[in-house]
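Single-structure report; data block below.
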Amino acid sequence: MTGRIPDSFLDELVSRSDIVEIISARVPLKKAGREYKACCPFHNEKSPSFSVSAEKQFYHCFGCGAHGTVIGFLMQYEKMEFLDAVADLAQRAGLELPREAQAEREPGTADLHELMLRAARFFEQNLADNARAKGYVERRGIDAKTCAKFGLGYAPDAWEALLKRFGIQEDDRRRLLQVGLILERSGEKTSGYYDRFRDRLMFPIRDSRGRVIGFGGRVIDQGEPKYMNSPETPLFHKGRELYGLYEARQARADFKRLLIVEGYMDVVRLHQAGITYAVATLGTATTQEHLNKIFRQTHEVVFCFDGDRAGLKAAWRALENALPLAQDGRELKFMFLPEGHDPDTLIAAEGPEAFENRMKDALPLSEYLVQQLIAEVDLDHVDGRAKLKALAGPLFARMPEGIYREMLADRLASRVGMPANKLKEFFTTGDARRTANTSELRVRQRGRMSVGRGNLLTQAITLVLHHPAAAGAIADPDLLSSIDKTGVSVLKELLEQAATASSPSTAVLLERWRERLTTLAMQDPLVADTAAAAKELKMAVEKLLEEYGPGRRMDELLKKAEELGLNYEEKAELSSLLKSKGRSRAPS
Ligand SMILES: [Zn+2]
């Protein structure tokens, strides 16, 4: 998301905004020492555990873990989209939004939004006037209140109903075409336009601000296709939007989870039954963009699928998209309905309570993944393990390091009857006899060497994070590129950013690294001031270079060459190290 706005702009925005001012306008803050305290606006509490640091320009709740910068606060508290929060702060700070953001936000679309709203009202009026459509809604068990909440409507059974109403001037027709409400006739003798949605129950799709950006249309009774959506338009991008999300947020600001179902009717029925946290994707699989949006609202998501083949296939696609986002603190679950049911019919048959109980039994992502993998593989067969590796290895690699990956390894290990660390090695390193190459071997050897040494890196990162100005102590962060160790690239990039930012601060760094770094920023700052931090940081980086840098590995290989001799891979590694040393340093 942030990719669309230059980092330099965000830096300036965060440093020009006063987080204390922004938050105290919404939450009564009390000064306590160097920080400000309040009862947390994001969870229920009696004694204040929400704190705002003016110095670091971020907030943190020790109760529920909510945290972030001023941008994050607006997103969380006001339920704003990233770009809207940025625009709001920019206006306040008297900064002009970069062109990228303006184009993204308001591509001259005010009149198109207005047109969509008028179309929605037109459909609503038609539903009220049409006995057949009204009868259908009643048969589906949707009450008037729910109908109004979702703005349900009816597109008349005619070729030019909407066209005649809103497309009088050529200019109007051009705009109707732009928002996908009409289509152009093609044919030799005919010309002109006709309505896209005819004789359909209409579901307005709203964006996060409640503006109608598209429609879903469902056939009444029989017909194909069952569902039809607005096409991609300047307002509507289906890979980004979730049906029902706006309504879910209106119903409750603090829902615990979101339930993703497949159809609009399911969403409407679930909301009516009190499950007001149901949303649906718009005729696509759940994308990572969807999930990012969801995880800005809540930490738990339950995917709900039909128990048939199509449902299982859709579930697997959702799982693959979700893997890279399976981070600590997030819950991803899978729920399958009994065959022949969809949420709509099941709620009608069982009631909402039973439905929510089913949700409690939903399978955690790692368990579902293991189940599916095991079902694919015959472990008693010689090829079983190889096949398991071929299937699970790439999935495993897509997951970020953390609890989820560990859990997956543990579960899989116990099913396969292999120790978990063996299995992880099996996945990440390849079968040495067949696929050995220098870099893999090196990774493995380093892996063993570095056991128990991870804290040096964490320490260095924490120091930069809390004392960005100390980054100046490292003259050449680029030297770190020579270290082949997870996380070093983070340190290197942080050092570079802190060194180049015009006014480096914890908040500026955090905004760029929001997810990876917030946990570290919450920890003890290790030392009190920049000078001490600079000293410690220098020591940490030197130690890192000493322990893992090319020099160290070279010494090791040279020593081994003398004592035991080197194998082919080691010789290749040594020669490449010698070459790179020649490149990066002046000959001595
Ligand atoms: Zn809290």
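Taken together, the values in this text are just the output of simple stated rules run on the coordinates, not laboratory data. On a predicted model such as this, the values are computed, not experimentally measured, just so you know. Note that each Cβ is placed from the backbone with ideal geometry, even for glycine, and that neighbours are counted across all protein chains shown.
Just checking, does region 65-75 include any residue being within 11 Å of the ligand (Cβ to nearest atom), without any contact (Cβ under 8 Å) to a residue 60 or more places away in the chain and either part of a loop (DSSP other than H, G, I, E, B) or among the acidic types (Asp, Glu) (or both)? The answer is yes; a qualifying residue exists. Among the residues of region 123-133, the one identified as surrounded by fewer than 19 Cβ atoms within 10 Å (Cβ to Cβ) and within 36 Å of the chain's Cα centre (by Cα) is 124.
Within region 88-98, the set of residues being surrounded by 19 or more Cβ atoms within 10 Å (Cβ to Cβ) and in a helix (DSSP H, G or I) comprises 89, 90.
Restricting attention to region 135-155 and to residues that are of a type outside the set (Gly, Ala, Ser) and in contact with a strand residue (DSSP E or B) (Cβ under 8 Å, 6 or more places away or on another chain), the residue that is surrounded by the fewest Cβ atoms within 10 Å (Cβ to Cβ) turns out to be 136. Region 309-399 holds helices (runs of 4 or more DSSP H) entirely within its bounds, and those carrying 2 or more residues that are over 25 Å from residue 240 (Cα atoms) and more than 20 Å from the chain's Cα centre (by Cα) map to 343-350, 352-360, 365-376, 384-398.
Of everything in region 38-61 that is surrounded by fewer than 16 Cβ atoms within 10 Å (Cβ to Cβ), more than 8 Å from the ligand (Cβ to nearest atom) and of a type outside the set (Gly, Ala, Ser), the residue that is farthest from residue 511 (Cα to Cα) is 46. A single member of 349, 315 is surrounded by 22 or more Cβ atoms within 10 Å (Cβ to Cβ), of a type in the set (A, V, I, L, M, F, W, C) and either without any contact (Cβ under 8 Å) to a residue 60 or more places away in the chain or over 19 Å from residue 206 (Cα atoms) (or both), and it is 315. The residue that is nearest to the ligand (Cβ to nearest atom), among those in region 27-37 that are surrounded by 14 or more Cβ atoms within 10 Å (Cβ to Cβ) and not in a strand (DSSP E or B), is 27. For the criterion of being away from the ligand (no atom under 16 Å from the Cβ), within 30 Å of residue 219 (Cβ to Cβ), among the hydroxyl-bearing types (Ser, Thr, Tyr) and touching a residue at least 40 places away in the same chain (Cβ under 8 Å), residue 109 passes.
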